[in-house]
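The values are calculated or read from the model by the stated rules, or taken from the named source; none is laboratory data. From a predicted model like this one, the values you see are computed outputs, not experimental measurements. No Cβ is skipped: glycine too gets one built from the backbone with ideal geometry, and neighbour counts run over all protein chains shown.
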Amino acid sequence: MSASLSSGNATVAAAAAKPRRKSKMKWWVIGGTALVAVLITLAVVKKRSANVGISVTTEKAVVKTIVQTVTATGKVQPEVEVKINPEVFGEITALPFREGAAVKKGDVIVRIKTDYYQALVDQQTAAVAAARSGAVNSLVQLEKADADLKKYQDLYDRKLVSEFDYITYKTNYDGAKASREASLAQVDEAEGFLKQAKDSLSKTSIYAPMDGTVSSRSSEVGERVQASTEFAGTEIMRVADLSKMEVRVKVNENDIVNVKVSDPVKISIDAYPDRKFTGTVREIAASADNNGAAGSGSSGQASGSVSDEVTNFIVKIRVADKDLTLRPGMSATADIETQTVKNAVAVPIQSVTVRAAGGLTAEQLEEKKAKEMHERSGNDLEVAVDNKVDAQRDREKMERVVFVRDGDKVKLKKVETGIADNSTIEVKSGLKSGEEVVSGTYAAISRLLKDGSKIRVEKPKADVAEAK
């Protein structure tokens, strides 16, 4: 009976396993069918995309005036601003003008305590009197010595006195003469010190050097100031002519070569967002501004290499508008118009790209060169060096081109370009006004498009928004 039970169990297990195997086979068939369907769908989509073409946007070449500009930022400053530093040290006793006050040339704008300098004048006056008294005494001594010498000179000539006596009186005369000259020098010295003391006393009052406005005042009555003869001295205030303002901007070394004196400038000042100012380039620095280097303070040189430094040149722009509301230190942006071309054929800047012979991009050309050289040489280092040299030569041979729409395809055209503004570039030759050029996308222009490529023209996003 146990044997029959075992046989029955085996039959039941076999019967249960058979449907399980059929179930697994069913799922494998379904999965394979789904995968084939996905691959077929992808192939159809790819084929349709190939037939549709590369998605691009286009614009027509137009005739317009192109103005090439160099944009730089800076600060509004007076053309003339004088720093007032005292030439003598001491305590400030008077500052008649506050910041913003108007002054006239010759107005007393600072007074420094005079006690010390008046005492010096009195001391040197006494020294001059003493020196002059000494000079009178030396003159008396010289005249007496001269008379004695003449008397003994006559006696010596007649052999009535000894040579020793004659030499004694001659020596006395020479000494009196030297004493006289020394006393006169002492008078000159004392008078010089007196003049210096009087000059220092006069410098305790500082006068306005010009008509203008007190643009800043950094000291107050009672403060002690250092003379400008001692290091830099203390800056008490600044007097500026606010009727003549300028904008000082930093222009990069790559752009400074295009900037010229008298170039027209359009100026935007942050304090007046709804107003545009005009001006002209007044002055261009002959040497670079070292304050534009990377880093800050004295550690700037140490924190960055030479290649990290930014080289800028200071350009001074005269503001043509006579506006007394402008204040020193206001932030400004200047658009310097360096060149203008009228009636130029213009296309969007992004429409112009570069291609080598055969329509290859720079990247494609480098890859091709690298592959060819690697096939000739297995040395990766040698290939890298040669590829770098060849790539430089090839870049120099690259040509500027645009893609012109020709039905549902594009035609590659070589062009010669000129100046550019913020959005368009001048085409000197190779293209006519009215021709439709590809203006987007960047990937399509720089990498995907070739001569004869099929395209699908789409409306730019701005046009689509307007249509809605």
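Among the residues of region 84-102, write down those that are surrounded by 17 or more Cβ atoms within 10 Å (Cβ to Cβ) and closer than 24 Å to T229 by Cβ.
Answer for region 84-102, where residues must be surrounded by 17 or more Cβ atoms within 10 Å (Cβ to Cβ) and closer than 24 Å to T229 by Cβ: I84, N85, P86, V88, F89, G90, I92, L95.
Identify all residues within region 194-220 that are more than 11 Å from V239 (Cα to Cα) and small (G, A, S); write none if there are none.
Correct list: A197, S200, S202, S205, S218, S219.
Can you pull out every residue in region 248-284 that is assigned to a strand (DSSP E or B), free of Cβ contacts under 8 Å to residues at least 60 places away in the same chain and closer than 14 Å to Q339 by Cα?
Selection gives T280, V281.
How many residues are assigned to a helix (DSSP H, G or I) and basic (K, R) if we restrict to region 139-174?
Qualifying residue count, region 139-174: 4.
Within region 139-184, track down each residue that is of a type in the set (A, V, I, L, M, F, W, C) and more than 30 Å from V128 (Cβ to Cβ).
L149, L155, L160, V161, F164, I167
Do we find that K105 is at pLDDT 80 or above, under 30 Å from S243 (Cβ atoms) and either surrounded by fewer than 16 Cβ atoms within 10 Å (Cβ to Cβ) or hydroxyl-bearing (S, T, Y) (or both) in this structure?
Yes: the conditions hold for K105.
Looking only at region 251-282, which residues are surrounded by 12 or more Cβ atoms within 10 Å (Cβ to Cβ) and among the hydroxyl-bearing types (S, T, Y)?
Within region 251-282, S268, Y272, T278, T280 meet the criteria.
Mind counting the residues in region 222-247 that are surrounded by fewer than 20 Cβ atoms within 10 Å (Cβ to Cβ) and assigned to a strand (DSSP E or B)?
Adding up the residues that qualify gives 3.
Looking at A37, A17, A72 in this structure, which one is at pLDDT below 75 and not assigned by TED's automatic domain parsing to the domain that holds S439?
A17
So which strands (runs of 3 or more DSSP E) stay within region 304-391 end to end and still have 2 or more residues that are closer than 30 Å to G212 by Cβ and at pLDDT 60 or above?
Passing ranges, in order: 312-319, 331-348.
Filter region 412-426 down to the residues that are surrounded by 15 or more Cβ atoms within 10 Å (Cβ to Cβ) and more than 31 Å from the chain's Cα centre (by Cα), then identify the one that is farthest from V345 (Cα to Cα).
Top of the filtered list is L412.
Each row is one residue, and each column tells you yes or no for (1) surrounded by fewer than 16 Cβ atoms within 10 Å (Cβ to Cβ); (2) outside the structural domain of R98 (by TED's automatic domain parsing); (3) more than 60 Å from the chain's Cα centre (by Cα); (4) small (G, A, S).
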residue	(1), (2), (3), (4)
L149	no, no, yes, no
Y173	no, no, yes, no
S179	no, no, yes, yes
D199	yes, no, no, no
V214	no, no, no, no
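Report, by residue number, each residue of region 423-449 that is β-branched (V, I, T) and closer than 14 Å to N343 by Cβ.
Scanning region 423-449 gives T424, V427.
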